[in-house]
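Below is one structure, written out as structure tokens; the observations come after it.
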């Protein structure tokens, strides 16, 4: 295979990753790592570098629209970014001491968890009374809907912050946005309505990934020959996805994608245990 | 909201500004990646990819001075890395703009919170965690 064909296939793969990632809300990074490692036999460290770049591209690309619409809770994102960036730096340090096969196994587990999270029931309910800390930190807000702005209040800020730290560590260690864990922290712990939690999570992914990407770039994980088809492909895919999202029903797609992701994850875990990385 | 509307800048303005920063960051880095990528394929497209073993990238791709030096020589790989650099910088610049917005809004709590996030990222950048 020449670099030219490698680039073309990777460009197509990254396009599909960006498309699937934006339709299911999982982000572009999760598909990039198995695509590179299992299909192209690229070293997982280059794959992590590429996935970080993909995560930042999808996050920034779609967040620009959501932020303007006022759905994203910028203050909540900013506050929780303390946890995710600190976690991401810890994760990037941990990565030095973690054998690559363990990274692969952890990634597989994270994939299965993400797949399960895609299929969960979403709660649009908004709390009317928030915890004390949510007022002190000015985290309560409202988001626009067809019937006018909907106000919501938050709970369990401490628990949400803790889960965010773990999300950050995994993001720094595995090179993914850990969007699924971020949504879990906001939906399940803090009771943020899911439209707000998904967009705020997406908004935070870019900053979290950037915190570890600056380390990985200096460590030589980010290769230009892999990075450019990934950036272009993922951006184009995410753009198509955001247009399609309004027109198609994504429920069956989510199910198929979750099953596919789980199979890929099992493959990664199996290879990890057999030291094939 | 009535009190906020009297201020020079409110949350709505900040959201529009952040949205623009993210959009332009992505557009610029994407365009540079396309230009660098085409140039890269023209130069090295017939070679064989070799990523099965991890060697780490040479210093030219991993530091700002290295990338700038390569740009001066018209090297395709460094053009792509410049695009990557802008992409990574985009969310960081976004935090910086948020900080400025909170300063204009005189939101002390969030000036502190945003500064902490900015500090963590700058620490990660310059602390020599590269090993």
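So, in the range B:107-117, of the ones that are more than 9 Å from chain A (Cβ to nearest Cβ) and in contact (Cβ under 8 Å) with a residue 12 or more places away in the chain, which residue ends up nearest to the chain's Cα centre (by Cα)?
B:115
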| query | Would you pick out the residues in the range B:15-31 that are at the interface with chain A (Cβ under 7 Å from one of its Cβ atoms) and under 17 Å from residue A:199 (Cα atoms)? | reply | B:15, B:16, B:18, B:19, B:22, B:23
| field | helices (runs of 4 or more DSSP H) within the range A:140-223 that include 1 or more residues at pLDDT below 90 and under 22 Å from residue A:121 (Cβ atoms) | value | A:179-184, A:194-219
| Unmet requirement for residue B:103, which otherwise passes all of (1) closer than 23 Å to residue A:43 by Cβ; (2) without any contact (Cβ under 8 Å) to a residue 12 or more places away in the chain; (3) more than 9 Å from chain A (Cβ to nearest Cβ); (4) in contact with a helix residue (DSSP H, G or I) (Cβ under 9 Å, 6 or more places away or on another chain) | (1)
| message | Tell me yes or no: at least one residue of the range A:41-54 is surrounded by fewer than 24 Cβ atoms within 10 Å (Cβ to Cβ), more than 18 Å from the chain's Cα centre (by Cα) and more than 7 Å from chain B (Cβ to nearest Cβ). | response | no
| query | Within the range A:70-80, is even one residue farther than 28 Å from residue A:237 by Cα, in contact (Cβ under 8 Å) with a residue 12 or more places away in the chain and within 9 Å of another protein chain (Cβ to nearest Cβ)? | reply | yes
| Candidate set: the range B:55-75, residues that are crowded, with 17+ Cβ neighbours inside 10 Å and outside any helix (DSSP H, G or I); chosen: the one nearest to the other protein chains (Cβ to nearest Cβ) | B:57
| query | Does any residue in the range A:230-242 that is at pLDDT 95 or above come within less than 8 Å, Cβ to Cβ, of a residue that is outside any helix (DSSP H, G or I) six or more places away or on a different chain, and which pairs are these? | reply | none
| If residue A:133 satisfies every condition in (1) at pLDDT below 90; (2) in a loop (DSSP other than H, G, I, E, B) but one, which is the exception? | (2)
| field | Checklist (1) facing chain A (nearest Cβ under 9 Å); (2) touching a residue at least 24 places away in the same chain (Cβ under 8 Å); (3) farther than 18 Å from residue A:10 by Cα applied to residue B:37, failing item | value | (3)
| task | Determine, yes or no, whether residue A:1 is surrounded by fewer than 24 Cβ atoms within 10 Å (Cβ to Cβ), at pLDDT below 90 and more than 13 Å from the chain's Cα centre (by Cα). | result | yes
| Within the range A:230-250, considering residues that are more than 19 Å from the chain's Cα centre (by Cα) and assigned to a helix (DSSP H, G or I), the one farthest from residue A:60 (Cα to Cα) | A:244
| message | Just to be sure I understand, how many residues within the range B:40-53 are surrounded by fewer than 17 Cβ atoms within 10 Å (Cβ to Cβ), under 21 Å from residue A:216 (Cβ atoms) and facing another protein chain (nearest Cβ under 8 Å)? | response | 2
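Can you confirm whether residue B:78 is more than 18 Å from residue A:10 (Cα to Cα) and within 7 Å of another protein chain (Cβ to nearest Cβ)?
No: the conditions fail for residue B:78.
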| field | Unique residue being at pLDDT below 90 and either over 17 Å from residue A:82 (Cβ atoms) or surrounded by fewer than 24 Cβ atoms within 10 Å (Cβ to Cβ) (or both) when the list is A:266, A:245 | value | A:245
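The values are calculated or read from the model by the stated rules, or taken from the named source; none is laboratory data. The structure displayed is predicted, hence computed values, not measured ones. Neighbour counts are summed over all protein chains in view; Cβ atoms, including those assigned to glycine, are modelled from backbone coordinates with ideal geometry.
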